[in-house]
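Beneath this line is the structure, given in structure tokens, with notes to follow.
The values are calculated or read from the model by the stated rules, or taken from the named source; none is laboratory data. On a predicted model such as this, the values are computed, not experimentally measured, just so you know. Positions of Cβ are backbone-derived with ideal geometry, glycine not excepted, and every protein chain shown enters the neighbour counts.
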Amino acid sequence: MAEEDKVKTGIPGMDEMIEGGFEPRSVVIVAGGPGSGKTTFAMQFLFQGAEKFKEPGLYITFEEQKGMLFKHMKRMGWDFDKLEKDKMISVLEYPPHEVHRFITEGNIIEDIIRENGVQRVVIDSITSLVMLHEDEYKRRMAFLKTMESLRKWGCTCLLTSEAVTSRDGEVKPRFGVEYLADGLIVIHGIRQGDVMQLALEVTKMRGIAHERRMVPMKITDRGITLYPGQPVLGKR
């Protein structure tokens, strides 16, 4: 696929790690621990899509309150209130006790996508969705059903997920559903002295020859920046 046909994230350093961007209509999981920047990564993907590439987005949240989130994003110079007013961003909020509504409102979501020409979708986070089920088999079936809906919508989708760290330091999504997605991006926290450094790793990106090493990542007052080609210092 030619680079101009890719869905560019607009995140500095990210697109050069994945041959210019995501494949259109792909589903990518971004996994990391609390405070690792998962939501910031996802919101930057939506903001750049709407502001820079004129691709309308939809943000579906099970955890963050829209007002507070928009306030935090404005500190980075991202005016989501304006984008929502201009119908470049749509938001659906599902409180934790109403997560079941998401499963039953597929037609409503599809109508929003069609009416607003949505091309990018973020779900933050799938952890709330799969935690509805204690049984692992039911979790995977619920996620498969979600994936069917995402494919049907025909958008490029980014899903955030809580991650766990194993004894050997490997970071991976909490519920083992990553193999069902087209891509997996993992954000690591690496101890360097008294400071926790962040590093990003593209673990999987179907159909794309991606960067296979962890790269340094920083969250600044303008959002996330990645530094391909620079070494990751410190020990996990």
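Points worth noting:
- Residue check: Arg75 meets all listed conditions (1) surrounded by fewer than 18 Cβ atoms within 10 Å (Cβ to Cβ); (2) touching a strand residue (DSSP E or B) at 6+ places or on another chain (Cβ under 9 Å) but one, namely (2).
- Residue that is farthest from the chain's Cα centre (by Cα), among those in region 25-50 that are surrounded by 20 or more Cβ atoms within 10 Å (Cβ to Cβ) and farther than 18 Å from Leu226 by Cβ: Ala50
- Search result, residues across region 5-17 that are surrounded by fewer than 22 Cβ atoms within 10 Å (Cβ to Cβ) and more than 14 Å from the chain's Cα centre (by Cα): Asp5, Lys6, Pro12, Gly13, Asp15, Glu16
- Residue in region 148-156 that is surrounded by 14 or more Cβ atoms within 10 Å (Cβ to Cβ) and of a type in the set (S, T, N, Q) present: yes
- The number of residues in region 100-122 that are assigned to a helix (DSSP H, G or I) and either buried (at least 19 other Cβ atoms within 10 Å of the Cβ) or among the hydrophobic types (A, V, I, L, M, F, W, C) (or both) comes to 6.
- Residue count, region 41-72 (criterion: among the acidic types (Asp, Glu), closer than 28 Å to Lys6 by Cβ and touching a strand residue (DSSP E or B) at 6+ places or on another chain (Cβ under 8 Å)): 2
- Flag for Ile126 being surrounded by 15 or more Cβ atoms within 10 Å (Cβ to Cβ) and either under 27 Å from Phe53 (Cα atoms) or in contact (Cβ under 8 Å) with a residue 40 or more places away in the chain (or both): yes
- Taken as a whole, the structure places Asp182 among residues that are among the acidic types (Asp, Glu), farther than 17 Å from Ile11 by Cα and buried (at least 18 other Cβ atoms within 10 Å of the Cβ).
- Every pair of residues 6+ apart whose Cβ atoms lie under 8 Å, when the first sits in region 25-52 and is under 16 Å from Ile190 (Cα atoms) while the second is in a helix (DSSP H, G or I) and not β-branched (Val, Ile, Thr): Ala31/Lys38; Ala31/Glu178; Gly32/Lys38
- Residues (aromatic (Phe, Trp, Tyr), surrounded by 17 or more Cβ atoms within 10 Å (Cβ to Cβ) and modelled with pLDDT of 95 or more) located in region 51-72: Tyr59, Phe70
- Condition check for Gly169: out of contact with any Phe, Trp or Tyr (no Cβ under 7 Å at 6 or more places or on another chain), modelled with pLDDT under 90 and either of a type outside the set (Phe, Trp, Tyr) or surrounded by fewer than 13 Cβ atoms within 10 Å (Cβ to Cβ) (or both): yes
- Beta carbons closer than 6 Å, at least 6 apart along the sequence or on distinct chains, pair a first residue in region 137-149 that is of a type outside the set (A, V, I, L, M, F, W, C) with a second that is at pLDDT below 80 and in a helix (DSSP H, G or I) for Arg139/Val130; Ser149/Gly106.
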